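Novice: Following this message is one structure expressed as C-alpha cells.
The values are calculated or read from the model by the stated rules, or taken from the named source; none is laboratory data. The model shown is predicted, which means the values in this text are computed figures rather than measured ones. Note that each Cβ is placed from the backbone with ideal geometry, even for glycine, and that neighbours are counted across all protein chains shown. Side chains are part of the model used for accessible areas, which takes the heavy atoms of the whole protein and leaves out ligands, DNA and RNA. Shrake-Rupley method; radii C 1.70, N 1.55, O 1.52, S 1.80 Å.
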Amino acid sequence: MIFQADLLQGQVALVTGGGTGIGAVISHELARHGAQVAIASRDPEHHRGIIGEIESLGQEALALSADVRRPDQVQTMVQQVLDKFGRLDILVNNAAGNFLCAAEQLSYNGWKAVVDIVLNGSFIVSQAVLPSMKTQKGGNIINIGATYAWLAAPYLAHSGAAKAGVLNLTRTLAVEWAGYGIRVNAVTPGPIEGTEGVSRLMGNPQVREATIRSIPLRRLGKKEEIAWAILYLLSPAAAYVTGHNLVVDGGMCLGSRQYGAEG
Ligand code: NAP
Ligand code: COA
C-alpha cells in the first residue's frame with residue numbers, strides 16, 4: 001500500500017469509461033482508497049465486473065449510462081451522481097475512442113467520432129461538474145492524455161490531435177478554475193499492458209516488440225501505474241500542483257530510440 005487507505009474518504013469520484021481497461025483499475029483504486037465511485041459509459045454491460053469489485057471492497061458504486069459526446073446525457077449523468085451521493089469531488093476524463101487509420105483514408109465521421117469523444121467529451125463533462133465543485137469550493141479534475149500526442153502521431157491523426165487538445169485544455173482550465181479551488185491535471189500513459197488501446201494499436205507482435213525496444217524501462221506499463229499517478233495528484237502531497245501533465249511511460253517520449261533501443 002503506497003497511500004493511506006483513507007486517502008479519499010468522504011470524496012465522490014466520477015470516472016468516464018470507468019468500466020473497462022485502465023478506467024476500471026482507476027475506479028478500483030479510487031474506491032480502495034475510500035472514495036465512492038460513479039462509473040459512466042455508453043454500455044452498462046461494461047460496468048458489471050467493476051461495480052461488483054468495488055462493492056466487495058465495502059464501498060458504494062454507481063453505474064451510469066451516458067455518451068460523453070451528448071451534453072444532455074452528461075447533465076443527467078452528473079445530476080444522478082449528485083442525487084445519489086450529494087457531492088462530486090473528483091472527475092477522471094478517461095473515456096476515449098481510437099483506431100489506426102491513415103489520415104488520407106480517415107473519413108470525416110471517423111475523425112469526428114474520436115475528436116468528439118476525447119476532446120469535446122472532456123470539455124463537456126468538465127463544464128458539467130463545475131457548478132457542484134464551485135459550490136463545494138474545490139475539486140480535482142484528471143484528464144487522461146497519450147504519449148503520441150507529443151510529437152507526430154502517424155495513423156492516429158484524430159486521436160493525436162484530440163489528446164494534444166486535452167493537454168492544452170488541462171492547462172487552460174487549471175488557470176481559469178484555480179480561483180474556485182479546483183485543480184486540473186493530466187496523466188499521460190505510454191502503452192499499457194492488457195488494454196483495448198494496446199490490442200488495437202499493437203496487434204502485430206513486431207510492432208509490439210519494436211515499441212518495447214523504444215521504451216528505456218523495456219516494458220509496457222501496468223494499469224495500476226496509471227491509477228497510482230492519479231492518486232498522487234489527488235492527494236494532499238499534490239495540493240500545490242495544477243496544470244501538470246504527469247507522464248507515465250517508462251521514458252518512451254524522451255526520444256531515446258537511437259540510444260536505448262539496442263540490446
Ligand atoms: P478502453 O478499455 O477501450 O476504455 C475506453 C472507455 O471509454 C470504455 O470503457 C468505453 O466504454 C468508454 N467510452 C468510449 N466512448 C465513449 C463515449 N462516447 N461516452 C462514454 N464513454 C465512452 O481503453 P483503455 O485502453 O483502457 O484507455 C483508457 C484511457 O487511457 C483512454 O483515455 C486512452 O486514450 C488512454 N490511453 C491508453 C493507452 C493504452 O495503452 N491503453 C495509452 C495511452 C493513453 P463504452 O464502450 O461502454 O462507452
Ligand atoms: N478505420 C477507419 N474508420 C473507422 C474505423 C477504423 N478502424 N472504425 C470506425 N471508423 C469510422 C467509421 O467507418 C465511421 O465513419 P463513416 O461514417 O465515414 O463510415 C466513423 O468512424 C464512426 O464510426 P462508428 O462506429 O459509427 O462510431 P461510434 O461512435 O459507434 O464508435 C469509435 C466510436 C469508432 C471510436 C469506436 O471504435 C469505439 O466505440 N471505441 C471505444 C473503445 C476504444 O476505442 N478503445 C480504445 C481507447 S484508446
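Novice: For segment 20-44, which positions are within 15 Å of ligand 1 (Cβ to nearest atom), more than 12 Å from the chain's Cα centre (by Cα), modelled with pLDDT of 95 or more and more than 17 Å from residue 122 (Cβ to Cβ)?
Specialist: Result: 28, 29, 30, 37, 43.
Novice: Within segment 166-204, track down each residue that is closer than 29 Å to residue 105 by Cβ, in contact with a Phe, Trp or Tyr (Cβ under 9 Å, 6 or more places away or on another chain) and open to solvent by 20 Å² or more (accessible area, probe 1.4 Å).
Specialist: Residues satisfying the conditions are 169, 200, 201.
Novice: Oh, and also: What number goes with the only condition from (1) more than 15 Å from ligand 1 (Cβ to nearest atom); (2) polar (S, T, N, Q); (3) not in a helix (DSSP H, G or I) that residue 188 does not pass?
Specialist: The number of the failed condition is (1).
Novice: Just a yes or no: is a residue in segment 35-48 of a type in the set (A, V, I, L, M) and closer than 18 Å to residue 195 by Cβ?
Specialist: First, the residues of segment 35-48 that are of a type in the set (A, V, I, L, M): 35, 37-40.
Then drop every residue that is not closer than 18 Å to residue 195 by Cβ, which leaves 39.
So far as segment 35-48 goes, yes, one or more of its residues are of a type in the set (A, V, I, L, M) and closer than 18 Å to residue 195 by Cβ.
Novice: Among the residues of segment 35-70, write down those that are small (Gly, Ala, Ser) and farther than 20 Å from residue 11 by Cα.
Specialist: 41, 49, 65, 66
Novice: Regarding segment 128-143, can at least one residue be identified that is of a type in the set (S, T, N, Q), part of a strand (DSSP E or B) and away from ligand 2 (no atom under 16 Å from the Cβ)? Full working, then the answer.
Specialist: In the first step, residues of segment 128-143 are kept if they are of a type in the set (S, T, N, Q); the result is 132, 135-136, 140, 143.
Next, only the ones that are part of a strand (DSSP E or B) stay: 140, 143.
If we keep only those that are away from ligand 2 (no atom under 16 Å from the Cβ) too, we end up with 140.
The answer is yes; a qualifying residue exists.
Novice: Now, a different point. Just checking, how many residues over segment 205-224 are part of a loop (DSSP other than H, G, I, E, B) and either touching a Lys or Arg at 6+ places or on another chain (Cβ under 8 Å) or open to solvent by less than 70 Å² (accessible area, probe 1.4 Å) (or both)? Lay out the reasoning, then the answer.
Specialist: Within segment 205-224, the first condition is being part of a loop (DSSP other than H, G, I, E, B), and the residues that meet it are 214-220, 222.
Then keep just the ones that are either touching a Lys or Arg at 6+ places or on another chain (Cβ under 8 Å) or open to solvent by less than 70 Å² (accessible area, probe 1.4 Å) (or both); that gives 214-216, 220.
Residues in segment 205-224 being part of a loop (DSSP other than H, G, I, E, B) and either touching a Lys or Arg at 6+ places or on another chain (Cβ under 8 Å) or open to solvent by less than 70 Å² (accessible area, probe 1.4 Å) (or both): 4 in total.
Novice: If you scan segment 12-31, which residues turn out to be touching a strand residue (DSSP E or B) at 6+ places or on another chain (Cβ under 6 Å) and either away from ligand 2 (no atom under 16 Å from the Cβ) or within 16 Å of residue 60 (Cα to Cα) (or both)?
Specialist: 12, 13, 14, 15, 18, 19, 26, 27, 30, 31
Novice: From the list 114, 74, pick out the single residue that is within 15 Å of ligand 1 (Cβ to nearest atom), out of contact with any strand residue (DSSP E or B) (no Cβ under 7 Å at 6 or more places or on another chain) and under 15 Å from residue 15 (Cβ atoms). Reasoning before the result, please.
Specialist: On the way: 114 fails: under 15 Å from residue 15 (Cβ atoms).
Result of the check over 114, 74: 74.
Novice: In addition: I'd like to verify a number: residues in segment 150-161 that are open to solvent by less than 40 Å² (accessible area, probe 1.4 Å) and either more than 9 Å from ligand 1 (Cβ to nearest atom) or outside any helix (DSSP H, G or I) (or both), how many? Explain how you work it out, then say what you get.
Specialist: Quick first cut of segment 150-161, residues open to solvent by less than 40 Å² (accessible area, probe 1.4 Å) only: 153, 156-160.
Those left that are additionally either more than 9 Å from ligand 1 (Cβ to nearest atom) or outside any helix (DSSP H, G or I) (or both): 153, 156-158, 160.
So the count comes out to 5.
Novice: Return yes or no: is residue 103 under 21 Å from the mean Cα position of the chain (by Cα) and either hydrophobic (A, V, I, L, M, F, W, C) or within 16 Å of ligand 2 (Cβ to nearest atom) (or both)?
Specialist: Values: under 21 Å from the mean Cα position of the chain (by Cα): no; either hydrophobic (A, V, I, L, M, F, W, C) or within 16 Å of ligand 2 (Cβ to nearest atom) (or both): yes.
Against the criterion (under 21 Å from the mean Cα position of the chain (by Cα) and either hydrophobic (A, V, I, L, M, F, W, C) or within 16 Å of ligand 2 (Cβ to nearest atom) (or both)), residue 103 does not qualify.
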